[in-house]
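Working notes for the structure below.
The values are calculated or read from the model by the stated rules, or taken from the named source; none is laboratory data. Because the structure is a prediction, the values reported are computed rather than measured. Neighbour counts run over all protein chains shown; Cβ positions are idealised from the backbone, glycine included. What goes into the accessible areas is simple: the full protein's heavy atoms, side chains included, and nothing from ligands, DNA or RNA. Shrake-Rupley method; radii C 1.70, N 1.55, O 1.52, S 1.80 Å.
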Amino acid sequence: MNDNMSPIIIGCDHAAYYLKGKIKEFIVKRGMEVEDAGTDSEESVDYPDFGIKVASMVSTGRYEHGILLCGTGLGMSMVANRFTNVRAALCGDMFSAIMSRRHNDSNILVMGARVIGESLAMEIVRAWLETPFEGGRHLARIEKFNNI
Ligand code: RB5
């Protein structure tokens, strides 16, 4: 993955609305396109409604990559990983973010806005966008579960 990648679809619940705005700004500053699937305020909503929107569009190939945010990241990752072809990685550290791209070809980055701070979140997004998939034996491993 690199800065020439296709547009990113991003979604969140109320707990991560502020962080989503910051991440959108960050992505746009890099000259990349980002499509916002909601939510649109800090009013309480149900995270599955937005997780389903984003994950279904990655699952069908309408978007290659997505970002999902909620309070812990747990609910969004549970929802997203129910979809065929979705490999959602809940990341709260740099190493996991980088390895989720190198070895797992993660196509949805999930973060918990109540778990990590804004600056770490931005570093994780940057690393996730810049790190390519290694392929090879890792591709064979992904193929074993991608379409279950
Ligand atoms: C909302 O309060 C919270 O449950 C949600 O953001 C998320 O953490 C769920 O996994």
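On the basis of being buried (at least 19 other Cβ atoms within 10 Å of the Cβ), modelled with pLDDT of 95 or more and out of contact with any His (no Cβ under 9 Å at 6 or more places or on another chain), does MET111 make the cut?
Taking the combined requirement at face value, the residue satisfies it.
Considering every residue within the range 5-16, establish whether at least one is open to solvent by 40 Å² or more (accessible area, probe 1.4 Å) and not in a helix (DSSP H, G or I). Write out each step before concluding.
Within the range 5-16, the first condition is being open to solvent by 40 Å² or more (accessible area, probe 1.4 Å), and the residues that meet it are 7, 14.
Next, only the ones that are not in a helix (DSSP H, G or I) stay: 7.
Yes, some residue in the range 5-16 is open to solvent by 40 Å² or more (accessible area, probe 1.4 Å) and not in a helix (DSSP H, G or I).
When only residues in the range 89-106 that are of a type in the set (A, V, I, L, M, F, W, C) and closer than 19 Å to TYR17 by Cα count, which is farthest from the ligand (Cβ to nearest atom)? Outline the logic, then answer.
Quick first cut of the range 89-106, residues of a type in the set (A, V, I, L, M, F, W, C) only: 89-91, 94-95, 97-99.
From what is left, the residues that are closer than 19 Å to TYR17 by Cα are 90-91.
Working: LEU90: 10, CYS91: 15 Å.
Looking at residues that are of a type in the set (A, V, I, L, M, F, W, C) and closer than 19 Å to TYR17 by Cα, I get CYS91.
Does at least one position in the range 20-41 carry a residue that is part of a helix (DSSP H, G or I), surrounded by fewer than 20 Cβ atoms within 10 Å (Cβ to Cβ), hydrophobic (A, V, I, L, M, F, W, C) and within 14 Å of the ligand (Cβ to nearest atom)?
no
If SER106 passes every condition in (1) under 13 Å from the mean Cα position of the chain (by Cα); (2) within 17 Å of PHE50 (Cα to Cα) but one, which one does it miss?
Just one mismatch for SER106, condition (2).
With the requirement that a residue be more than 19 Å from the chain's Cα centre (by Cα) and exposed (fewer than 13 other Cβ atoms within 10 Å of the Cβ), what does the range 126-138 give you?
Just the residues of the range 126-138 that are more than 19 Å from the chain's Cα centre (by Cα), to begin with: 135-138.
If the condition is that a residue be more than 19 Å from the chain's Cα centre (by Cα) and exposed (fewer than 13 other Cβ atoms within 10 Å of the Cβ), then GLY135, GLY136, ARG137 are the ones that fit.
Output yes when any residue across the range 63-80 is within 16 Å of the ligand (Cβ to nearest atom), surrounded by 18 or more Cβ atoms within 10 Å (Cβ to Cβ) and hydroxyl-bearing (Ser, Thr, Tyr), and no when none is.
Yes - at least one qualifying residue is present in the range 63-80.
Condition test on VAL54, is it surrounded by 16 or more Cβ atoms within 10 Å (Cβ to Cβ), under 20 Å from LYS24 (Cβ atoms) and either within 16 Å of the ligand (Cβ to nearest atom) or under 15 Å from the mean Cα position of the chain (by Cα) (or both)?
Yes: the conditions hold for VAL54.
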